[in-house]
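The values are calculated or read from the model by the stated rules, or taken from the named source; none is laboratory data. Here the structure is a predicted model, which means the values were calculated and not measured. No Cβ is skipped: glycine too gets one built from the backbone with ideal geometry, and neighbour counts run over all protein chains shown.
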There are 2 protein chains.
Amino acid sequence: MKKKNSLHIVFIGAGNVATQLALALKKSNHTIVQVYSRQLQNAQRLAQRLKCTAISDLHSIVKSADLYIISVKDDAIVEVATRLKLKSKLVVHTSGSVDMKVLQPVSKNYGVFYPLQTFSKTSRVRFKTIPVCVEANSASSLNTLILLGHSISDNVQKIDSEQRRTIHLAAVIACNFTNHMYAIAEQILNKNKMSLDILKPLIQETTNKIKTHSPAEMQTGPAIRDDKKTMEKQLQLLTGNVDYQKMYTLISKSILTFSKNKSAKLE
Amino acid sequence: MKKKNSLHIVFIGAGNVATQLALALKKSNHTIVQVYSRQLQNAQRLAQRLKCTAISDLHSIVKSADLYIISVKDDAIVEVATRLKLKSKLVVHTSGSVDMKVLQPVSKNYGVFYPLQTFSKTSRVRFKTIPVCVEANSASSLNTLILLGHSISDNVQKIDSEQRRTIHLAAVIACNFTNHMYAIAEQILNKNKMSLDILKPLIQETTNKIKTHSPAEMQTGPAIRDDKKTMEKQLQLLTGNVDYQKMYTLISKSILTFSKNKSAKLE
């Protein structure tokens, strides 16, 4: 017998997000009934961990589940959506940047269930503090997604497609781009026979500060001081990598512009 | 009577680094005897917290201290160095990017004491885990600085001027530039009536991951997937700020190049 609010769920996709989300949902007493992946092997790998059925043919998907979670690459969502017919069963995708409406052809009831975190297949994610952004085309579907969200996270937010696009852009800038800065810093240090370890306390403190302060107020370094001499010397150290030099100049300029005009317009 | 390894120290400068460093050294049983600042008021503010003398004339500096710490803006170090004459008293600066040799005119014994952290005047810093980079022109001065470093931190490293320049460049990229990314993300979210709070768990996880993994291995997002459709949509969201668009394009391109060629040359 099904427990209260416990759903039977089909996963379409077996990548990083699908893996972590399915494991978390199973742990919260939902039942994953099937995992689909174009590559049967990938579906099997995840299905094994969930103790459910693996399929690689969309026609084999059961029609009796409560919820269908499409968790594939952004480009593949539309493709899946055109081939999947679920009448009025609730279907969602998990993407930050794809409009909810692409699921219109699939079912009368559709929505988005977007956990705002960076996932890898291996390291287990603690969902409790992860913001889950939900959106649906009807109040009852939204309620289902809100309860589903709260079964794994304390932080569930109603976010429409336009807001979600903004959040996703901000996430790319604040996380993907910063991670690339760490990668460049490590490359520069390694090249000079040092390790990124020496910077880790400073990196940690930089993110600690924004827990309680606006990052704009916490900016330090040669760019915001307009310390041209230091910037010139640092550009020289980057000789040999024109892209890094361009990035250095552009970001430094942006830091100064930002600080001079905190109300800088973003039309 | 002076305790073993306890030094009498004069601070030249009363800014963020001087403030935090002086407070930490005092707490570790060193004696701060004077604080100099061009603006007497600034010197007084810090001297009051240290219970020592404030001065605004370099000629008033006592000659009997064990150590003179120049902690002023990079550009001002040379200027101070030309006006200060200390014979053979140990003098250091605290800068990441200035060569040790600029202190040659000041004394026969000179060096660098560079705490690798971002400081503000108000929020107290825990020095214990902060890397302190030391360099000196003689073995005995180096030993003094190593012991001084270990009196406030568990992480003291011998770093020469060339290495220190590299570390400082890497720090600017990994900390100042990432902080600017946070500032831009906040600006974009605020403009759309949302708060940076929604991104904070993701930002935290991004830095957590690099504790145990190389950032290059952890890169995610549209750029590394070469997901042109998403990148195109995000660029459109940035319409109205040409600098942000340029930055977005340049960093995205660099992420892809980096991942395709992890041995990318940095000549």
Taking the condition part of a helix (DSSP H, G or I) and surrounded by 14 or more Cβ atoms within 10 Å (Cβ to Cβ), does B:Val106 pass?
no
What pairs can you find where one residue is in region B:240-253 and free of Cβ contacts under 8 Å to residues at least 60 places away in the same chain, the other is aromatic (Phe, Trp, Tyr) and in a helix (DSSP H, G or I), and their Cβ atoms are less than 6 Å apart, with a gap of 6+ or different chains?
B:Ile251/A:Phe177
Scan region A:137-151 and give yes if some residue there is in contact with a Lys or Arg (Cβ under 9 Å, 6 or more places away or on another chain) and within 8 Å of another protein chain (Cβ to nearest Cβ), otherwise no.
no
Tell me whether region A:142-159 contains one or more residues that are in contact with a strand residue (DSSP E or B) (Cβ under 7 Å, 6 or more places away or on another chain), at pLDDT below 95, assigned to a helix (DSSP H, G or I) and of a type outside the set (A, V, I, L, M).
no
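Kindly indicate whether any position in region B:212-220 is buried (at least 16 other Cβ atoms within 10 Å of the Cβ), more than 7 Å from chain A (Cβ to nearest Cβ) and at negative phi.
Checked region B:212-220: no residue is buried (at least 16 other Cβ atoms within 10 Å of the Cβ), more than 7 Å from chain A (Cβ to nearest Cβ) and at negative phi.
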For region B:57-73, name all the residues that are under 23 Å from B:Glu162 (Cβ atoms) and either crowded, with 19+ Cβ neighbours inside 10 Å or away from chain A (no Cβ under 14 Å) (or both).
B:Ile69, B:Ile70, B:Ser71, B:Val72
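Do you know which residues across region B:221-253 are in a loop (DSSP other than H, G, I, E, B) and within 8 Å of chain A (Cβ to nearest Cβ)?
Result: B:Gly221, B:Pro222, B:Ala223, B:Ile224, B:Arg225, B:Asp227, B:Leu238, B:Thr239, B:Gly240, B:Asn241.
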As an exercise: evaluate B:Lys191 against (1) surrounded by 15 or more Cβ atoms within 10 Å (Cβ to Cβ); (2) facing another protein chain (nearest Cβ under 7 Å) and give the number of the one condition it does not meet.
(1)
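Which of the residues belonging to region A:121-136 are assigned to a loop (DSSP other than H, G, I, E, B) and surrounded by 17 or more Cβ atoms within 10 Å (Cβ to Cβ)?
Hits for region A:121-136 are A:Val125, A:Ile130, A:Pro131.
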I'd like to check which strands (runs of 3 or more DSSP E) are fully inside region B:6-82 and have at least 1 residues that are of a type in the set (S, T, N, Q).
B:31-36, B:53-55
With criteria (1) at pLDDT below 95; (2) polar (S, T, N, Q); (3) farther than 18 Å from B:Lys27 by Cα, B:Thr122 comes up short on (3)
Could we say that B:Thr206 is within 30 Å of A:Thr230 (Cα to Cα) and within 7 Å of chain A (Cβ to nearest Cβ) here?
yes
B:Thr178 in a helix (DSSP H, G or I) and farther than 30 Å from B:Tyr110 by Cα:
yes
B:Ser151 - would you say it is within 21 Å of B:Leu67 (Cβ to Cβ), in contact with a Ser or Thr (Cβ under 6 Å, 6 or more places away or on another chain) and of a type outside the set (Val, Ile, Thr)?
yes
